[in-house]
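The next block holds one structure in the form of structure tokens; read it before the comments.
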Amino acid sequence: MAGGASAIIGYGLTGRSLSRWLTLENESFKIFDSDPALSIRNSHKGMIEVLHVTAGWSAKNWEEALDGVVRLYLSPGVSLDSPAVRIARDQEIPVLTDLDLFNENIKKKPVIGVTGTNGKSTVVALIGHLLEMSGFSVAIGGNYGKPALDLLDEKADIYVLELSSFQLEKIQNLNLHTSVFLNFSDDHLDYHVSRASYLDAKRRIFDFSDRKVFYRQDKATFPDKEGLGAISFGFGNPSESESWGVRENQSDYCILRGSEEMCLVPKAYLGGRVHYLLNILAALASIYPFNSAARFESIESFEGLRHRFELVNEVNGVRFINDSKATNVSATEAALRNFESKEQVILILGGDAKGVDLSILEMSISKKVLGLVILALDPAPLLELGRRCGIETFATISMEEAVKEAYRLVNTSADAKNVILSPACASFDLFTDYQERGRSFEAAVKKLSEIG
């Protein structure tokens with residue numbers, strides 16, 4: 001960039017994506033990262049300077065480091081309260097994200113943005129699938145899949161972005177054709193500190209579009225102003241002509257847009273996952289301007305994403321379900337609602353709670369769970385939860401032992417028996433991510449099945 005260099009804070013997926021883009025644009029930049037292993041990295045242009053930032057960096061260090069910088073790009077996990085951001089604002093340096101740069105370069109292509117505490121990745125993938133089935137070329141990314149700037153290499157008619165609260169709180173400019181707010185519950189309070197701050201970040205998605213899709217059974221997702229451009233989805237009959245709902249029949253669910261019947265979703269397809277109807281409604285509401293015909297065949301052909309209420313195996317009549325992506329309380333509560341009252345459920349729970357009080361799970365566990373296995377470095381709070389629920393509880397740091405113990409807790413006289421990994425927590429205490437945790441669960445179930 002003429003007249004000065006850009007700076008990138010954080011050299012994770014987003015930082016590397018920004019680095020690639022700026023290199024291709026022949027712009028000067030430097031990178032700040034706390035990893036001491038990063039010093040100098042090669043690029044096809046030459047050498048990239050990576051400066052090691054320590055916790056002891058003072059305001060003076062940052063003033064010197066940002067001298068001559070004309071744009072500061074933040075990775076999603078960098079706090080807006082960090083000294084670097086304060087110094088940049090004092091010096092009137094624009095503080096931006098990769099999404100701001102993406103927005104400058106999309107050439108007026110339509111973008112659908114999706115946020116929410118749960119279900120974002122599934123809905124983004126489903127939207128992309130339905131649009132592709134309608135003949136569009138679609139690029140999917142953001143917080144899910146590829147970083148946004150990497151999508152610009154693809155020849156897309158429409159972009160679909162998953163947007164996290166970490167991203168939304170920092171974006172300055174993003175022109176969305178449609179914004180979608182799926183649901184809201186406590187999460188990431190270790191970062192956002194308060195529920196109100198977390199919600200404010202999520203609600204910023206509505207600042208970037210006129211067409212706003214929200215969940216009418218969750219007031220937290222409502223736009224400030226309903227009316228023109230506000231489209232709701234949810235259970236029951238929608239009262240507005242452009243909003244979406246669902247009516248239950250004996251063997252299926254009828255998807256509605258206003259009073260119009262759009263398509264039928266067989267109950268057999270859902271397999272008890274009634275909450276998945278909300279994902280379908282949100283996706284159909286999002287794509288309606290591009291495809292006004294809803295077809296179950298297109299929905300049915302969507303294979304879904306891994307580690308989301310996924311049946312792994314059945315061992316001697318016990319179903320093992322991998323729901324490792326349930327990284328917060330509301331996701332685990334939704335998973336437990338999938339089981340009928342007569343079904344037996346053994347729950348594997350635990351990890352990094354991200355500042356959220358897991359005791360709010362007590363009601364759901366008391367209603368549906370007959371045994372609790374805690375997989376966590378710090379099991380004490382969850383052991384107390386199991387005691388209060390009056391159910392047998394076991395703690396371990398081994399996934400293999402957790403699966404064996406869950407299998408042992410099953411009451412062999414029950415008709416429907418289920419063991420579900422639905423942790424309500426992030427995986428970072430014992431695993432690198434929820435995928436590794438899910439794969440570990442699958443491997444442990446496979447070993448158990450081989451033993452018999």
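Here are the numbers for this structure:
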read-out: Qualifying positions in segment 39-81 - assigned to a loop (DSSP other than H, G, I, E, B), at pLDDT below 90 and either out of contact with any helix residue (DSSP H, G or I) (no Cβ under 8 Å at 6 or more places or on another chain) or not polar (S, T, N, Q) (or both); value: Ser39, His44, Lys45, Val53, Thr54, Ala55, Gly56, Trp57
read-out: Answer from Ile140, Ile171, Ile106 - the residue that is assigned to a strand (DSSP E or B) and under 30 Å from Leu278 (Cα atoms); value: Ile140
read-out: Given (1) buried (at least 18 other Cβ atoms within 10 Å of the Cβ); (2) out of contact with any Cys (no Cβ under 9 Å at 6 or more places or on another chain), number of the condition Glu436 does not satisfy; value: (1)
read-out: Residue in segment 373-386 that is more than 18 Å from Leu358 (Cβ to Cβ) and surrounded by fewer than 22 Cβ atoms within 10 Å (Cβ to Cβ) present; value: no
read-out: Members of segment 177-200 that are of a type in the set (Asp, Glu) and under 13 Å from Pro223 (Cα atoms); value: Asp200
read-out: From Gly317, Gly304, residue being among the small types (Gly, Ala, Ser) and within 26 Å of Tyr144 (Cα to Cα); value: Gly304
read-out: Checklist (1) under 20 Å from Leu358 (Cβ atoms); (2) in contact (Cβ under 8 Å) with a residue 24 or more places away in the chain applied to Leu168, failing item; value: (1)
read-out: Qualifying residue in segment 369-380 (condition: within 20 Å of Asn316 (Cα to Cα), out of contact with any strand residue (DSSP E or B) (no Cβ under 8 Å at 6 or more places or on another chain) and assigned by TED's automatic domain parsing to the domain that holds Phe320); value: no
read-out: Conditions (1) touching a residue at least 60 places away in the same chain (Cβ under 8 Å); (2) crowded, with 19+ Cβ neighbours inside 10 Å; (3) within 25 Å of the chain's Cα centre (by Cα); number of the one not met by Phe428; value: (2)
read-out: Test: residue in segment 312-325 that is within 23 Å of the chain's Cα centre (by Cα) and farther than 30 Å from Ile365 by Cβ; value: no
read-out: Output for segment 170-194, where each listed residue is among the hydroxyl-bearing types (Ser, Thr, Tyr) and either over 17 Å from Gly229 (Cα atoms) or surrounded by fewer than 20 Cβ atoms within 10 Å (Cβ to Cβ) (or both); value: Ser185, Tyr191, Ser194
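Results for (1) surrounded by fewer than 24 Cβ atoms within 10 Å (Cβ to Cβ); (2) farther than 25 Å from Arg306 by Cα; (3) not assigned by TED's automatic domain parsing to the domain that holds Ala426, shown as yes or no for each residue.
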residue: Glu132; (1), (2), (3): yes, no, yes
residue: Phe136; (1), (2), (3): yes, no, yes
residue: Gly141; (1), (2), (3): yes, no, yes
residue: Asp153; (1), (2), (3): yes, yes, yes
residue: Tyr159; (1), (2), (3): no, no, yes
residue: Ala196; (1), (2), (3): yes, yes, yes
residue: Arg204; (1), (2), (3): yes, yes, yes
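The values are calculated or read from the model by the stated rules, or taken from the named source; none is laboratory data. Remember, predicted model here, so these are calculated numbers, not experimental data. Cβ coordinates were reconstructed from backbone atoms using ideal geometry, including for glycine residues, and neighbour counts include every protein chain displayed.
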